[in-house]
Amino acid sequence: MPSADTGASARAGAAAAANVSAPVTDSLTEHGPCSPPRSPADDRSRTDHDGPASPADHGSRTEHGSPADHGSPAAHGSGPDSGDDSEASEASDATKLSPGDPGHGRMRLALFAAGLATFALLYSTQALLPEISRDLHADPGLASWTVSGATIGLALAVLPLAALSERFGRHRMLTVSMSAAVVLALAAPFAPDMGTLIALRTLQGAAIAGVPASAMAYLADEVRSRHLVGATGLFVAGNSVGGMSGRVLTGWVTEAWGWRAGLAAVAVASLLCVVAFRLLAPRARHFRPSPLNARAVARTVSAHLHNPLLVRLYAIGMLFMVVFGGVYTVIGYRLVAEPFGLSQGLIGSVFVIYLVGTGTSAAAGRLNARLGRRGMIYAGIVTASSGLLLSLVDSLVAVAAGLVLITAGFFAGHAVASGSVSRTATHGRAQASALYQMTYYTGSSLGGALGAAAFAAGGWQATVSLTLGAMVLAAGVTLYGTRSAAALHRHRLREARA
């Protein structure tokens, strides 16, 4: 991909990173930290949250807090040692990397390489599914598991690997995860049958999970807090560029030499990225290992799963990803068939539409200030649904326009859901974000598998019906949250008058 494209994506990624209101230690998705910037309304008490404005706003501490959230010195920054802790934290921060330090630029480039390799590998088969189906004599439903297997592997592994990184170190976790993923990627082109390919891809997804589980925490450990937004920008750009360019690269290489060569090309490019990471990434100087405490993690996860607001946000993110995963897994089958008959290279190039999502993420803050979080979710649902309906027209222009709308709507909904998770969780934010990623990538797996099965059974119309159903469910979850918030608001007004 030309360097100008990389630079544009980096700038867009940095803009998206600037919108992060959550702690930078939160994990990332392929699409970067999509939390919109805080508006004045966001700074109200958690017991207010813009009244009935949004499902993401219905986040009072009384609804989802745990005993650990109330009254503890750690929670409120009080206690006899809080001043000393603050001074120690400031002293530690002063010794971390800043722009101009020898390791700062290397750190940023290393994380760009990590992000690029990770997401180029994760979706490397998505643009190739028609060719894989033809060569291995598999229907779309079975072939889609080369994508869904990878994302479900990531979903299952991200929380355990995040816990292991606290014990063994972020730098080590990043190195081992990427190295294992590349070894599996180099083996994938030699898979003799579909079952072997799906198994390799599932293991690869589990290996890749160490990167989103560790990358942002690694930056937070080693870079001064005031410079973290700039440091995350290049990593976010790597995510976006890797996710898009991996699909485009495999498409054109496959057109010339077949799908096995396409996968090999991504594997070699990712190997170079891993070598770059190893050469560039500074050794961790500020990491302090924590003992593994499975019971504490389980308690935190259980508390999050008993939090109605977080559960709704997880459901909304998952349902948006069902649409996105389903559409982009199946779209190659639609475009390779009549009346379109596109080549494999052109099908891979369709994923350039991802740039629309990067722009949507960067604009999420301004849209959020105008529409509110509830309005953003509804806007995302309407936009994605309009794109799905438009994609039914047998016109390449209409399908392309539909994909643009689907992509923009997905990123709008994902931006609100992922950002609201970080703002809602009053403790255990790393686990809350990991749970979001688990449900998010589970949605990708479900969308890919079910969307492909629907396509095999009833064509593109069946896939659109399935994904429209997911948007209806997302609207229902949002409406339920809005009504719950309104009921809580009325209850508080009655209490205030009493």
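The values are calculated or read from the model by the stated rules, or taken from the named source; none is laboratory data. Note that the structure is predicted; figures quoted are calculated from it, not measured. Glycine also receives a Cβ, built like all others from the backbone with ideal geometry; neighbour counts cover every protein chain displayed. The area values use the complete protein model at the heavy-atom level, side chains included, leaving out ligands, DNA and RNA. Shrake-Rupley method; radii C 1.70, N 1.55, O 1.52, S 1.80 Å.
Of note:
- Unique match (being under 30 Å from Leu305 (Cβ atoms), outside any helix (DSSP H, G or I), among the hydroxyl-bearing types (Ser, Thr, Tyr) and modelled with pLDDT under 85) among Thr360, Thr426: Thr426
Okay, residues lined up against (1) modelled with pLDDT under 90; (2) hydrophobic (A, V, I, L, M, F, W, C); (3) within 14 Å of the chain's Cα centre (by Cα):
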site: Val416; (1), (2), (3): yes, yes, yes
site: Gly443; (1), (2), (3): no, no, yes
site: Leu446; (1), (2), (3): no, yes, no
site: Phe455; (1), (2), (3): no, yes, no
site: Gly458; (1), (2), (3): no, no, no
site: His491; (1), (2), (3): yes, no, no
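- From the options Arg312, Arg260, Arg283, residue that is within 27 Å of Ala220 (Cβ to Cβ) and either out of contact with any Phe, Trp or Tyr (no Cβ under 6 Å at 6 or more places or on another chain) or open to solvent by 50 Å² or more (accessible area, probe 1.4 Å) (or both): Arg283
- Selection count, region 200-223, where residues are touching a residue at least 60 places away in the same chain (Cβ under 8 Å) and in a helix (DSSP H, G or I): 15
- For region 461-472, the condition of being without any contact (Cβ under 8 Å) to a residue 40 or more places away in the chain, touching a helix residue (DSSP H, G or I) at 6+ places or on another chain (Cβ under 6 Å), open to solvent by 10 Å² or more (accessible area, probe 1.4 Å) and more than 19 Å from Phe351 (Cβ to Cβ) holds for at least one residue.
- Residue within region 103-114 that is under 15 Å from Val182 (Cβ atoms), within 22 Å of the chain's Cα centre (by Cα) and buried (at least 19 other Cβ atoms within 10 Å of the Cβ) present: yes
- Qualifying residue in region 102-120 (condition: in contact (Cβ under 8 Å) with a residue 40 or more places away in the chain, in contact with a Gly (Cβ under 6 Å, 6 or more places away or on another chain) and not in a helix (DSSP H, G or I)): no
- First in region 127-138 and assigned to a helix (DSSP H, G or I), second anywhere and open to solvent by 10 Å² or more (accessible area, probe 1.4 Å) and of a type in the set (D, E, K, R), Cβ under 8 Å, 6 or more apart: Ser133/Asp139; Leu136/Asp193
- When residues of region 186-199 are limited to those that are part of a helix (DSSP H, G or I), touching a residue at least 12 places away in the same chain (Cβ under 8 Å) and not aromatic (Phe, Trp, Tyr), the one surrounded by the most Cβ atoms within 10 Å (Cβ to Cβ): Leu197
- Of all residues assigned to region 155-165, at least one qualifies as being without any contact (Cβ under 8 Å) to a residue 12 or more places away in the chain and either in a helix (DSSP H, G or I) or within 21 Å of the chain's Cα centre (by Cα) (or both).
This table checks each residue for (1) outside any helix (DSSP H, G or I); (2) farther than 28 Å from Ser343 by Cα; (3) among the aromatic types (Phe, Trp, Tyr); (4) at pLDDT 80 or above.
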| position | (1), (2), (3), (4) |
| --- | --- |
| Leu184 | no, no, no, yes |
| Thr232 | no, yes, no, no |
| Met244 | no, no, no, yes |
| Leu249 | no, no, no, yes |
| Gly262 | no, no, no, yes |
| Ala276 | no, yes, no, yes |
| Leu279 | no, yes, no, yes |
